[in-house]
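Below: the structure, in structure tokens.
The values are calculated or read from the model by the stated rules, or taken from the named source; none is laboratory data. In this text, all values refer to a predicted model and were calculated from it rather than measured experimentally. For neighbour counting, all protein chains shown are included, and Cβ atoms are generated from backbone atoms with ideal geometry for every residue, glycine included. To get the accessible areas, we keep the full protein, side chains included, count just its heavy atoms, and leave off ligands, DNA and RNA. Shrake-Rupley method; radii C 1.70, N 1.55, O 1.52, S 1.80 Å.
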Amino acid sequence: MSRTDVKEEILRLREELTRHNYLYYVKDTPVISDKEFDDMLSHLSALEREHPEYDDPTSPTRRVGGEVTRDFATVVHRTRMYSLDNTYSREEIADFDARIRRELGDEEVEYVLELKYDGASISLTYENGRLLRAETRGDGVQGDDITANARTIRSIPLTLTGDYPAIFDIRGEVILPIEEFEKINTQREIEGETLYANPRNLASGSLKLQDSSEVARRHLDCLLYYVVEDAVTIPTQYGCLEKAREWGFKVPPYSVVAHSLEEVYEYIRHWDTARHSLPYQTDGIVIKVNSKSQQARLGYTAKSPRWAVAYKFSPERESTILESISYQVGRTGAITPVANLNPAVALGGTMVRRASLHNADQIARLDIRVGDTVYVEKGGEIIPKIVGVDTSRRAEDSMPTRYITHCPECGAELVRIDGEALHYCPNDTHCPPQIKGRIEHFASRKAMDIESLGEQNVRALVEAGLVESYVDLYTLTYEKLNGLTIDVSSEGKKRSFQKRSAERLLEAIEESKKVPFERVLFAIGIRYVGDTTARKIARYFTSMDSLMKATREELLMVDEVGEKIADSIISYFADERHIDEIDRLKTHGVQMEIKSGVMSVKSDVLGGKSYVVSGKFSISRDELKELIEKYGGRNVSSVSASTDYLIAGEAMGPAKARKAESLGIKVISENEFMDMISAGKEIDSAMIETADEDISPTVETIKQDVKKDTGEQQLSLF
Ligand code: AMP
Ligand code: ZN
């Protein structure tokens, strides 16, 4: 291809991809398949890599992130970002309306009613139709420059269409859809991490992540509501919303123009319940004077516009009776107290019968007692919770709640680890919910992937006494399974295990013996060891035997293993019963080490040497670490005498450099590292005489590999 052809092809692909991105993420009406989109995108990436001279920060390839921001620069907003006055009642809205009419000398007034999206505010500046900068609100006068992160939000256009002003600012809310929020929390739960409280905090936290590819994986969305007027000559707020939509922004379609207070109240009535079927959270509505010239006459207070006001939906709170407290036992033995409410209360469009009581401290702090009239709220948080007690209605003979001391399922005495809020049942081998939970976890998709072993089947197997530990799965036979009965509903409906399903289950169990060691390590359910951590540990130690012998110090050398995880691993292996389980798994043929065959899928050019990465690189640090693993090196988190190489990026801390130097560790640059990989690869393939494919990668194809890998990881994560 000639140079002009290349340039044209790049421009054509960018335009196509921008259009499809818009159709998918803004209009929600994709016209091509995900695969076609991905293929086009990798084609463009490849061309851009070969021709860095056509680099463009608004290219759709930038959506996947990669840029790392250490310190977000503080920037002064081109125009001040105001907040909104809040109202909570019809009376306050009527006062607002009366004031507006008075100040405008009884002119006709139209209001625009919008939903108040619950996320983090953002200001975007566009110059000549291209995203120039994105800023957080900060204190309203100045905020943080988060442009690299904003580019990864698919619904923020990087380039505009139509008759946009030469330069202008537009403001909106970055939100995390509820579904994405729940996926992230589910993943955290699997990994034994604490859960995020609500989508709003997670959205604003995400904007400040250093690694933009991490932001890209969060699937944030951006809803726009305000075009800053200076540069714009559209006479109404409603007109601005329509224009912004034409330029390519995502502007929700729910705004309306209202002419009377009655219409405002009607909008509130409607959305107070209808909002619960939206894919994102809203915490109120915003009432804005429609006419820009009226807005200008009304002006601003020190904090907020005089021409707008928010009405906040009251956090839904209902009172009911706390009938009883039950205690749930999780897979790891963690005890969660749950409030059983009677009568059930309607909150957020659902009937709530149970609510969270968090832990023993929370119950004591609020002095919650069985029989109390309690307040239940479903605010920004997803799970309803008890927020207080109406003590005036407490029965005279009521008694303070005594938190349980023994496991409700197995009777073992509960323990409470210092510094942790939860109680645990320590009887991990004989406590039924722990047994079932561990088997379910063992069989789950990211672990041993034993497909037909869902909750019902696990319960049936455990209750029939056929399995007590996941190891027992490997002793199941057709005879044992045949005719087994399974409860399919709480109403006592039963079915029996059919021949076909028995065979399928046995096949799936047999298949699971091929599952690689890193997933076995995740499957055995060591507390705090999630699938990513398990993979890193497995690649570092390569076998269960050497992991079992590892000291705390050695464990801490593994990338991403901190003290909490290291201690948890040590205490896991200190337990004879666990050693016994592992021995039995091994006897049944479950993978207990990384097979050399599996390793060689990756290259071994880095020869198992250990690497520390530090500073900024042209690719993200995660990508660099992936490369190290992929080419047979090991990532370690800190420099010590046994480190082989320190890969020094831009702005690496001087302390690290000095330490490396004093220990005689080789310090290499990103380029030198890339050369090592490609040079090593050439030697590798030259030595394999039958090399029938060209496997010597260039630095560019290596980077491309990584991009693809992270893409897949993203899919399997969410
Ligand atoms: P508050 O944070 O309670 O003072 O509310 C003001 C914030 O609400 C603004 O800074 C925006 O980030 C946010 N907001 C959400 N939806 C809208 C909307 N439709 N119009 C104006 N502001 C909104
Ligand atoms: Zn128990």
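Per residue, what accessible area does the chain have, given a 1.4 Å probe and all protein chains present, in Å²?
Roughly 48 Å² per residue, with all protein chains present.
If you filter the range 360-446 for GluC sites (Glu not before Pro), then keep DSSP loop positions with at most 11 other Cβ within 10 Å, what is left?
Values: sites: GLU377, GLU381, GLU396, GLU409, GLU413, GLU420, GLU440; in loops: GLU381, GLU396, GLU409, GLU420.
Passing sites in the range 360-446 are GLU396, GLU420.
Cβ screening of the chain for cysteine pairs under 4.7 Å finds these without a partner: CYS222, CYS240. Distance between the C-alpha centres of the range 42-114 and the range 531-593: 48 Å, rounded to the whole angstrom. Relative to its residue count, the chain spans a Cα convex hull of 209 Å³ per residue. Taking the Cα centroid of the range 625-643 and of the range 232-290, what is the distance between the two, rounded to the nearest whole Å? The two parts, judged by their Cα centres, are 52 Å apart.
In this simple spin-label model, placing a label point 7 Å from the Cα along the Cα-to-Cβ direction at both ILE383 and ASP361 gives a separation of 1.6 nm. Rounded, prolate or oblate: which fits the range 2-47, taking a ≥ b ≥ c as square roots of the Cα gyration tensor eigenvalues, rounded meaning a/c under 1.5, else prolate when a/b beats b/c? It comes out prolate by the Cα gyration axes. Taken along the Cα-to-beta-carbon direction at a fixed 7 Å, the label points for GLU50 and GLU36 span 2.4 nm. Among the listed pairs LYS514/LYS549; LYS630/LYS656; LYS595/LYS666; LYS208/LYS616, a Cα-Cα separation exceeding 21 Å is found for LYS514/LYS549; LYS630/LYS656; LYS595/LYS666. Between TYR225 and ARG171, GLY172, GLU173, the built amide H atoms are under 5 Å apart, and every one of these is 5 or more places off in sequence or on another chain. Of all lysines in the structure, those lying under 30 Å Cα to Cα from LYS494, and not within fewer than 8 positions of it along the same chain, are LYS436, LYS446, LYS480. For the range 233-357, lysine pairs separated by 8 or more sequence positions, or belonging to different chains, with Cα-Cα distances below 18 Å total 5. One decimal place: the segment GLU266-GLU107 gains 55.0 nm when fully extended, by the rule 0.36 nm per residue minus the C-alpha distance. Length gained on full extension, LEU278 to VAL257, computed as 0.36 nm times the residue gap minus the Cα-Cα distance: 5.5 nm. Straight-line cross-link partners of LYS7 among the lysines, defined as a Cα under 29 Å from its Cα and at least 8 positions apart when in the same chain: LYS27, LYS35, LYS703, LYS707, LYS708. Just the number, please: carbon plus sulfur as a percent of the accessible area of the range 3-64, 1.4 Å probe, no ligands or DNA/RNA counted. It is 52 percent, rounded to a whole number. Helix content alone sets the calculated 222 nm mean residue ellipticity of the chain: runs of n ≥ 4 DSSP H residues at -39500 (n - 2.57) each, divided across all residues, give -11500 deg cm²/dmol. Each residue of the range 104-120 was assigned a 3J(HN,Hα) from its phi angle through the Karplus expression (A = 6.51, B = -1.76, C = 1.60, θ = phi - 60°), giving 9, x, 6, 5, 4, 10, 10, 10, 9, 9, 10, 7, 9, 6, 9, x, 10 Hz with x at Gly and Pro.
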